[in-house]
Amino acid sequence: MKRIGILSDSHSCWDNRYATHFADCDEIWHAGDIGDISIIERLKEITPTVRAVCGNVDHGEVRRVCPEIQEFECEDVKVWMTHIGGYPGRYAPGAKRLLKEGHIKLMVVGHSHILKVMPDPELGLLHVNPGAAGQQGWQKVRTLVKLTLDCGTIKDLDVITLGKLIIQ
């Protein structure tokens, strides 16, 4: 069993509540638009296992360290993480085929700055966009997601609302 903290679209913004909310996590996943590589380094201070993908605004060291797509298995759950992947009914070009062929059970994306957790009954997966953790963008609320992976199941999903104030 592993507790997973998920964030996206931090845009170089660090909030100390990331550490508070992810303190009980075994892994942290960042779904792109990280901004500065220091965000990844600070997340690794919370838990050494940090998986991240680059987003459309990422460049330099972030783009060298973080691939565009990560496909992996965690606690018998096949995961596919990318920054721009769409969502059930409106997948990015080619994404639906990759999800189906890979027998993916958990899709994690960012980009829209909109928190969205929804099942895709056709593909048998759960789509998670944790919304935006940073301040850049038009979102009114900053959000994070935590969930548990356990022997092939996804459970105990929590949405964390941070509000506009940044705590350093």
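Given R0 = 25 Å, the distance between the Cβ atoms of Glu71 and Gln136 translates into a calculated FRET efficiency of 0.35. Computed with a 1.4 Å probe over protein heavy atoms only, the accessible area of Asp26 comes to about 70 Å².
One decimal place: the segment Glu45-Thr153 gains 36.2 nm when fully extended, by the rule 0.36 nm per residue minus the C-alpha distance. Maximal additional length on extending the Gln168-Arg90 stretch stands at 24.4 nm, based on 0.36 nm per residue less the C-alpha distance.
Structural descriptor for the range 27-142: relative contact order 19 percent, calculated from alpha carbon pairs under 8 angstrom and at least 6 residues apart.
Taking a Cβ cut-off of under 10 Å around Ile167, the surrounding Lys, Arg, Asp and Glu residues balance to a net charge of 0, with basic ones at +1 and acidic ones at -1. Applied to the range 149-159, the Karplus parametrisation 6.51 cos²θ - 1.76 cosθ + 1.60 on θ = phi - 60° returns per-residue 3J(HN,Hα) values of 10, 8, 6, x, 10, 10, 8, 6, 6, 10, 9 Hz, with x for Gly and Pro. Dipole magnitude for the chain: about 440 debye, using +1 per Lys or Arg Cβ and -1 per Asp or Glu Cβ, origin at the Cα centre.
Accessible area of Arg17 (1.4 Å probe, protein heavy atoms only, ligands and nucleic acids ignored): about 50 Å². Ordered by solvent-accessible area of protein heavy atoms (1.4 Å probe), largest first, the residues Phe22, Phe72 come out as Phe72, Phe22. Scalar couplings 3J(HN,Hα) for the range 23-29, obtained by applying the Karplus form with A = 6.51, B = -1.76, C = 1.60 to θ = phi - 60°, are 4, 8, 8, 8, 9, 10, 10 Hz; x denotes Gly and Pro. Accessible surface calculations at 1.4 Å, restricted to protein heavy atoms, place the range 35-168 at 52 Å² per residue. Positive end of the charge dipole of the range 57-168 (Lys, Arg +1 and Asp, Glu -1 on Cβ, about the Cα centre): tell me which of Gln136, Val109, Val62 has its Cα farthest that way. Highest projection toward the positive end goes to Gln136.
Using θ = phi - 60° in the Karplus curve 6.51 cos²θ - 1.76 cosθ + 1.60, the 3J(HN,Hα) couplings for the range 53-59 round to 10, 7, x, 5, 9, 6, 8 Hz; x is entered for Gly and Pro. Per-residue surface analysis assigns Ser12 an accessible area of about 60 Å², computed on protein heavy atoms at 1.4 Å probe radius.
For the range 20-139, with all protein chains in place and a probe radius of 1.4 Å, 50% of the accessible heavy-atom surface sits on carbon or sulfur.
The values are calculated or read from the model by the stated rules, or taken from the named source; none is laboratory data. In this text, all values refer to a predicted model and were calculated from it rather than measured experimentally. So basically every Cβ, Gly included, is an ideal-geometry build from the backbone, and we count neighbours across all protein chains shown. Ligands, DNA and RNA are stripped out before the accessible areas are found, and what is left, the full protein with its side chains, is counted by its heavy atoms. Shrake-Rupley method; radii C 1.70, N 1.55, O 1.52, S 1.80 Å.
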